[in-house]
Amino acid sequence: MKPKKILFVLSNHDKLGDSGKPTGWWVSEAAHPWSVVSKAGYEVDFVSPLGGEPVMTGENSNDPIDRAFLDNQEVKQKIKNTLTPAQVNVDQYCCIHYVGGHGAMWDFPDNTELSKIAAKMWDQGKVVSAICHGVAALLNVKLHGGDLLIKGKNLTSFTDMEEKANNTCEVVPYFLQCELMLRGSIFHIAKNWADNVQVHERLITGQNPQSGLSVGKAMVALLEHLKM
C-alpha cells in the first residue's frame, strides 16, 4: 500500500533582505492546503532546510483555517521540531509541497538536499507541489536525465507585478517569475492576488496565498487519480 503522507517544506530564512524587516514561511500557504489534504485522510510532516522551528509570517487571526492549523497540537509539535532534509525518507511520502513566504527565495533554490528529494519523488512518479515564493524551490531541481524539472512545464508563482504591488522589488534577491521563465517554464499569470493554480502532469503550482485551498484540492484530486 502506498503511503498517505505528504511532506510540507518550510523556510528557515527570517530576514527580508536588507530591509530590516522579518520574513519566514507564510501561514496560509501551509494551513489552507493542510486543511484540505488532512480532511482527505493524508498525514502531513514538516521539513525545513535547517530543521528545528522556523519563523512564520502572515498569520491571520481572523482566518479560521489559519487558527485551526496553528491550534492543532500535532501540527504545533511537528513545526516546533521540523525534520532536516537528511532525516527525510522519501519512500514514506506520496507528495512534497513547498510553502511560500519570502524566506523561501533565499534558502530553497540552492539547497541541494531538498532539490534531490523533489527530483527523487518526481522520478518515482509522485506529486510535486509549490505555492507563491515556494516555487523558488523548483528553480534548480534536475531530474535523472539532467533536465530541469520545470523545463517545458506550465506553472505559476508570485508574479513580478505582485512583487511590485507589494513594494518588495528592491529587497528580493531576484524576480521569481523571470527566473522561472529563463529556465524554460511556461508561466501563467493571473491578475494580482487572484486564485490561480496550474497543474502539469504531476506538478502543481499556485500563484499566491489566495491559491492555498485550490492547491490543496488539486493535490487531493491528483493523488486520488494516481491512487496514492
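The values are calculated or read from the model by the stated rules, or taken from the named source; none is laboratory data. Computed from a predicted structure; not experimentally measured. Positions of Cβ are generated from backbone atoms using ideal geometry, with glycine treated the same way; all protein chains shown enter the neighbour counts. These accessible areas exclude ligands, DNA and RNA; they are computed on the full protein's heavy atoms, side chains included. Shrake-Rupley method; radii C 1.70, N 1.55, O 1.52, S 1.80 Å.
Scanning the chain for helices, which whole DSSP H stretches are 15 Å or more long along the axis (Cα) and average 0.0 or more by Kyte-Doolittle?
Flagged H segments are 27-39, 212-225.
These residues, 78, 4, go from largest to smallest accessible area, 1.4 Å probe, as 4, 78. Each Cα pair under 8 Å and six or more residues apart adds its sequence gap; the mean of these over the residue count of the chain is a relative contact order of 22 percent.
In the list (i) -0.38, -0.66, -1.06; (ii) -0.69, -0.89, -1.09; (iii) -0.49, -0.83, -1.23, the label attached to log10 I(q)/I(0) by the Debye sum over Cα atoms at q = 0.10, 0.13, 0.16 Å⁻¹ as derived from the coordinates here is (i). With the helix formula -39500 (n - 2.57) applied to DSSP H stretches of n ≥ 4, the chain reaches a computed 222 nm mean residue ellipticity of -9000 deg cm²/dmol.
The calculated FRET efficiency for residue 63 paired with residue 178, based on their beta-carbon distance and R0 = 35 Å, is about 0.70.
Sequence-distant contacts, meaning Cα pairs under 8 Å at least 6 residues apart, place the relative contact order of segment 121-228 at 32 percent. Testing the spin-label approximation: label points 7 Å from Cα along Cα→Cβ at residue 227 and residue 76. State their distance in nm. If labels sit at residue 227 and residue 76, their model points lie 4.1 nm apart.
Where a Cα-Cα gap under 23 Å defines reach, which lysines qualify for residue 39, not counting those fewer than 8 residues away within the same chain? Residue 39 reaches 2, 4, 5, 76, 78, 80, 126, 217, 227.
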